[in-house]
């Protein structure tokens, strides 16, 4: 029996946690498999998949997207949960990239939806509970996330509370995992609450469109996106990107 990569097991555990606390509908392919199977550019061999879920109509969450990308011995697991575009519900981002023999990099963060100067109350509501797990993870100098440099171009679209590692391993991921789980649990608690509506739905929707367009722009992280295109080609890569950027809303 083939052993499940620990990166896949870890992100799958997060997904199970989300599915157990909220109502979701998974969108699948015509054969009932993952929404978007991925193929290698060179030989059309399987290269992973994208799974896609739609949030319940009454939920402030629009969609959840899991990208599994396989490039030889390297496994990339990328998970996003997106708040509805017309609301101020934050987006969640989690990632584990695994490489032999047991190495990995990991990160987790929320994408803010409002400005901290104009809405400090929103930032207090969303991020105050992350202070302790953030400090616990990053204050330990033996954790690579205590000293990993951020990509400034991307960091400006994320939050100062992001936990991001340098080159780590499975043991460190498991050590930091309780902090990451608190991020997820707090996010799910926020999603169970009311009060994410904003006076100008149109302005929020447009801001979100621009936010995600910039965040997923090739130029923001050319190394990452060029790596995706080398594995599955630009056409498939841009189709994956469109799933990240495009709200499902009430689409059927």
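Some points to look at:
- Exclusive hit being in contact with a helix residue (DSSP H, G or I) (Cβ under 6 Å, 6 or more places away or on another chain), under 27 Å from residue 125 (Cβ atoms), surrounded by 15 or more Cβ atoms within 10 Å (Cβ to Cβ) and in contact (Cβ under 8 Å) with a residue 60 or more places away in the chain, set 176, 228: 176
- Within region 184-206, the set of residues being more than 17 Å from residue 121 (Cα to Cα) and in a loop (DSSP other than H, G, I, E, B) comprises 192, 200.
- Tally, over region 1-13, of residues that are modelled with pLDDT of 95 or more and out of contact with any helix residue (DSSP H, G or I) (no Cβ under 6 Å at 6 or more places or on another chain): 8
- Residues that are surrounded by fewer than 18 Cβ atoms within 10 Å (Cβ to Cβ) and over 15 Å from residue 142 (Cβ atoms), drawn from region 155-169: 155, 156, 157, 160
- Residue, surrounded by the most Cβ atoms within 10 Å (Cβ to Cβ), within region 46-91, restricted to residues that are in a loop (DSSP other than H, G, I, E, B) and out of contact with any helix residue (DSSP H, G or I) (no Cβ under 8 Å at 6 or more places or on another chain): 84
- Residue satisfying condition, being under 15 Å from the mean Cα position of the chain (by Cα) and modelled with pLDDT of 95 or more, within set 242, 191, 224: 242
Here is a yes/no grid of residues against (1) free of Cβ contacts under 8 Å to residues at least 60 places away in the same chain; (2) in contact with a strand residue (DSSP E or B) (Cβ under 7 Å, 6 or more places away or on another chain); (3) within 29 Å of residue 204 (Cα to Cα):
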site: 25; (1), (2), (3): yes, yes, yes
site: 42; (1), (2), (3): yes, no, no
site: 69; (1), (2), (3): no, yes, no
site: 87; (1), (2), (3): no, yes, yes
site: 96; (1), (2), (3): no, yes, no
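- Residue within region 115-126 that is touching a helix residue (DSSP H, G or I) at 6+ places or on another chain (Cβ under 9 Å) and within 17 Å of residue 80 (Cβ to Cβ) present: yes
- Among the criteria (1) buried (at least 18 other Cβ atoms within 10 Å of the Cβ); (2) touching a residue at least 24 places away in the same chain (Cβ under 8 Å), the one residue 21 does not fulfil is (1).
- Residue match in region 24-32 (condition: under 16 Å from residue 243 (Cβ atoms), at pLDDT below 95 and surrounded by fewer than 19 Cβ atoms within 10 Å (Cβ to Cβ)): yes
The values are calculated or read from the model by the stated rules, or taken from the named source; none is laboratory data. None of these values were measured; they are calculated from a predicted model. Glycine gets a Cβ as well: all are built from the backbone with ideal geometry, and neighbour counts include every protein chain shown.
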